Every structure is written in C-alpha cells, then in structure tokens.
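Okay, structure first, notes after.
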Amino acid sequence: MATIFTRIINGEIPGTFVHRDDRCVAFLSINPLAHGHTLVVPIAEVDHWVNLPSDLAAHLFAVSHRIGRAQQAAFRCERVGLIIAGYEVPHTHVHVIPTDHMGQLNFANAATEVDRTEMDHAAHAIRLALQAQGQPG
C-alpha cells in the first residue's frame, strides 16, 4: 500500500509543493512547527533514511539546503532547523524548518491545523526565493 507521501506525490491527496524533480519533491507540512515548514521527500518509498542509496541521500540534503536558504531569504528567520525523525510516516522525509528559537523544533508544538491561504503565501514566498537563487521553484 502506498504511503501518504506517495499519494501526495502522485496527486491523489493535495499538497502545497515548492520543488519537484525526478528524484524528490518538497511540500509544506500540514502540521507545521513554524511558518514555511517544508518536507523534502524522495519519490522512492524508502522507510528509514539510513537505507537510502548514498547518491539519493546527498540529493535530498542538497535540495534541503536550497530550501533552507530560500526560507531564510523569504522569512528572515534566525536559523533553519533540519530534522529526520522517521516515526510518523514510513517514508523518508527531511523536515526543513525556519526558526527563531530552539523551542520551535519540538513536535509537541506542531500545529493541528493550518490556514490554506497562509500555506499558499508561504509556498509562494519560498518559490520566489528559490527563483531568485536561480533554482527551479
């Protein structure tokens, strides 16, 4: 059975995408820790990140790096946190989170719902920042 992320990637469930290539996608979290919280997800369903082929792991990190730089530009945050937890969904995903303090990196504080317009504005800001960096977005 396909994971929820595969269903989002395939368009069966809506997602707010900021990046897509032939190996991975990046879309906003529906339970964000902060405004603009983005998930970078390989298209291939690999449960545990340590089982990723090295080249795919490097690609996910490179995309996460570009997303993080775009978040810094778009949201003027102090730092961008990166978390690979792997417990919520059995499909590797990297959380890229714009932050202003360490307390924002606590999953206990995740939003239980998010305003659709707010998500669209955050995604638009990230895409514009990616484009300003010369990246597709």
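The values are calculated or read from the model by the stated rules, or taken from the named source; none is laboratory data. Note that the structure is predicted; figures quoted are calculated from it, not measured. Please note: Cβ atoms are built from the backbone with ideal geometry, for glycine as well, and neighbour counts cover all protein chains shown.
One residue alone among ALA70, ALA123 is buried (at least 19 other Cβ atoms within 10 Å of the Cβ) and either charged (D, E, K, R) or under 20 Å from ILE8 (Cα atoms) (or both), and that residue is ALA123. Looking across segment 4-50, the residues that are in contact with a His (Cβ under 7 Å, 6 or more places away or on another chain), under 29 Å from ASP100 (Cα atoms) and part of a loop (DSSP other than H, G, I, E, B) come down to SER29, HIS37. Out of LEU56, LEU60, LEU105, LEU82, I need the residue that is more than 21 Å from ALA123 (Cα to Cα) and either surrounded by 16 or more Cβ atoms within 10 Å (Cβ to Cβ) or touching a Ser or Thr at 6+ places or on another chain (Cβ under 6 Å) (or both). Which one? That would be LEU56, the only listed residue that is more than 21 Å from ALA123 (Cα to Cα) and either surrounded by 16 or more Cβ atoms within 10 Å (Cβ to Cβ) or touching a Ser or Thr at 6+ places or on another chain (Cβ under 6 Å) (or both). Only one of the numbered conditions (1) exposed (fewer than 13 other Cβ atoms within 10 Å of the Cβ); (2) at positive phi; (3) touching a residue at least 12 places away in the same chain (Cβ under 8 Å) is not met by GLY36, and that is (1). Reported count of residues in segment 75-88, each being at pLDDT 95 or above and in a loop (DSSP other than H, G, I, E, B), is 4. Scanning segment 32-48 for residues that are within 14 Å of ILE83 (Cα to Cα) and either β-branched (Val, Ile, Thr) or within 15 Å of the chain's Cα centre (by Cα) (or both) yields PRO32, LEU33, ALA34, HIS37, THR38, LEU39, VAL40, VAL41.
Would you check if there is a residue in segment 63-74 being under 20 Å from ARG23 (Cα atoms), assigned to a loop (DSSP other than H, G, I, E, B), under 15 Å from the mean Cα position of the chain (by Cα) and without any contact (Cβ under 8 Å) to a residue 60 or more places away in the chain? No, segment 63-74 contains no residue that is under 20 Å from ARG23 (Cα atoms), assigned to a loop (DSSP other than H, G, I, E, B), under 15 Å from the mean Cα position of the chain (by Cα) and without any contact (Cβ under 8 Å) to a residue 60 or more places away in the chain.
In this structure, ILE9 does not qualify as among the β-branched types (Val, Ile, Thr) and surrounded by fewer than 22 Cβ atoms within 10 Å (Cβ to Cβ).
Please find, within segment 97-137, the residue that is nearest to ILE83 (Cα to Cα) out of those that are charged (D, E, K, R) and part of a loop (DSSP other than H, G, I, E, B). Walk me through how you get there before you give the answer.
Looking only at segment 97-137, we keep the residues that are charged (D, E, K, R), and these are 100, 113, 115-116, 118, 120, 127.
After this cut, where a residue has to be part of a loop (DSSP other than H, G, I, E, B) as well, the list is 100, 113, 115.
On the way: ASP100: 15, GLU113: 20, ASP115: 23 Å.
If we take residues in segment 97-137 being charged (D, E, K, R) and part of a loop (DSSP other than H, G, I, E, B), then ASP100 is nearest to ILE83 (Cα to Cα).
The set of residues from segment 85-137 being of a type in the set (Phe, Trp, Tyr) and in contact (Cβ under 8 Å) with a residue 60 or more places away in the chain comprises just one member, PHE107.
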